[in-house]
Amino acid sequence: MRHTFTIVVVSALMGAIVGAAIWSVLSSGDQMSQEELDAVVQVAVESAVEQAVDQAIQQSTDEMSLQLAETATGERRLVAEIFERISRSVVIIDAEGPERTNDEGVTIVPAALATGFVLDGTGHIVTAAHVLEGMTRFVVILPGDDRRPAERLGDDRPFSDVAVLRIELEDEEENLFVPSFGRTESVEAGETVLAIGNTLLGQEVAVTVGVVSDPDTTFFRERYEQDNLIQTDAALNHGNSGGILVDLDGNIVGMTAVIARETHDGGFVDGVGFAVQIDAVLEVARAIAEDGFFPRPSFGVVDERLLTPTAAAQLDLEVTEGSFLIELSRRGAFARAGIRPGDVLRELNGIRINAENPYLNALATLEPNVPVVVQIHRGGEEYHLSIAPDLRAP
């Protein structure tokens, strides 16, 4: 309708200006040839077009500015409404580790602040596993500064970085605000999202706004290429870990977990954060809430390192790809099969272990108690063994 109105305005202005020019000539009483009259009309038309277009552009610009201002105001109100509603399901986690004494005789109590969110109405709280590592005592701070001691039920580290705590409800009628969960497949690049979590300026929950840069990506973390991630430019800090990423429908679409500070080659980056897709979070979290763990395979590898040509040269190895086994559990499947620290794991179930497929990523594709072919390099020789991974203990 606006475009139609603009065309009508342009036509009306042109008609008025051209008509005025012709009337001026006719009323002057001067005799003009047809060529002179055509020239006057041509000049009038060109002037009419220029004036009409300028006025139409100005009108369209004013309308667009008004529309953008109305849109921005509406989005701000929507963000405020979503934050007010969804923040009722967001909690702060105050964690402490065991006391220790440093070299100077000073007693130190490790501590961490993280964010979490309500999983269900029975007291289960979801958060990021990495921020709770080494912590032994947990307090969940509900909205309104209601503090509850919490029990750590389990986590899925290092795979999905999901952990679950549980608080005791004071009575059967107590209600936690259970949020609305979205679907991973509905998240699109470019859409606006809210990141809600602890500010690190205190025990407060705050909101930042950004867009989805990539709805389905990966990021290398320590020994694992973590997948099922949403990349966003919404501002995150370390206190946001375990917080939520929310779409403009008010649905949680991810759990904030990673802040990227540098690239693989050491280059500096800024404004890049990641959230674990909500489908993956809920699958793991609900299993932990129910059983205390999420079923994962395990060969009893306590520590290993991905080989590079430099590391292989330092270790005087003939192979430059694979996983160098540093420490194994004595009761693990590898140790039972005769594999020892110092061996190089070359292949798991047909998957070559290298920078594109680290050990933990290959391990995550296996099923507990299902035998697979394992290729090991030792002393210049290659060995193939059939080994079934154990079910990882809770």
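The values are calculated or read from the model by the stated rules, or taken from the named source; none is laboratory data. Computed from a prediction, not measured in an experiment: that's the story for all the values here. We place every Cβ from the backbone using ideal geometry, glycine too, and count neighbours over all the protein chains shown.
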Reported set for region 326-361 where residues are among the basic types (Lys, Arg) and at pLDDT below 95 is Arg330, Arg331
In region 225-241, residues that are in a strand (DSSP E or B) and either at pLDDT 90 or above or not assigned by TED's automatic domain parsing to the domain that holds Ala195 (or both) total 5
Determine, yes or no, whether Thr263 is of a type outside the set (Gly, Ala, Ser), at pLDDT below 75 and out of contact with any Phe, Trp or Tyr (no Cβ under 6 Å at 6 or more places or on another chain).
-> yes
Please state which of the following conditions Ala206 fails to meet, knowing it meets all the rest: (1) in contact with a Phe, Trp or Tyr (Cβ under 8 Å, 6 or more places away or on another chain); (2) within 20 Å of Phe117 (Cβ to Cβ).
-> (1)
Of all residues in region 89-111 being of a type in the set (A, V, I, L, M) and assigned to a strand (DSSP E or B), which is surrounded by the most Cβ atoms within 10 Å (Cβ to Cβ)?
-> Val91
Strands (runs of 3 or more DSSP E) lying entirely in region 326-390 (those with 2 or more residues that are farther than 19 Å from Thr308 by Cβ) | 372-378, 381-387
Is one or more of the residues making up region 112-120 of a type in the set (Phe, Trp, Tyr), surrounded by 15 or more Cβ atoms within 10 Å (Cβ to Cβ) and either without any contact (Cβ under 8 Å) to a residue 60 or more places away in the chain or outside any strand (DSSP E or B) (or both)?
-> no
Val118: passes all of (1) within 16 Å of Ala285 (Cα to Cα); (2) more than 21 Å from the chain's Cα centre (by Cα); (3) of a type in the set (Val, Ile, Thr) but (2)
Could you tell me which residue of region 340-368 is farthest from the chain's Cα centre (by Cα), considering only residues that are touching a residue at least 60 places away in the same chain (Cβ under 8 Å) and farther than 14 Å from Tyr224 by Cβ?
-> Pro368
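Would you point out which residue out of Pro179, Pro143, Pro158 is in contact (Cβ under 8 Å) with a residue 40 or more places away in the chain, farther than 25 Å from Asp291 by Cβ and outside the structural domain of Ile252 (by TED's automatic domain parsing)?
The conditions single out Pro143.
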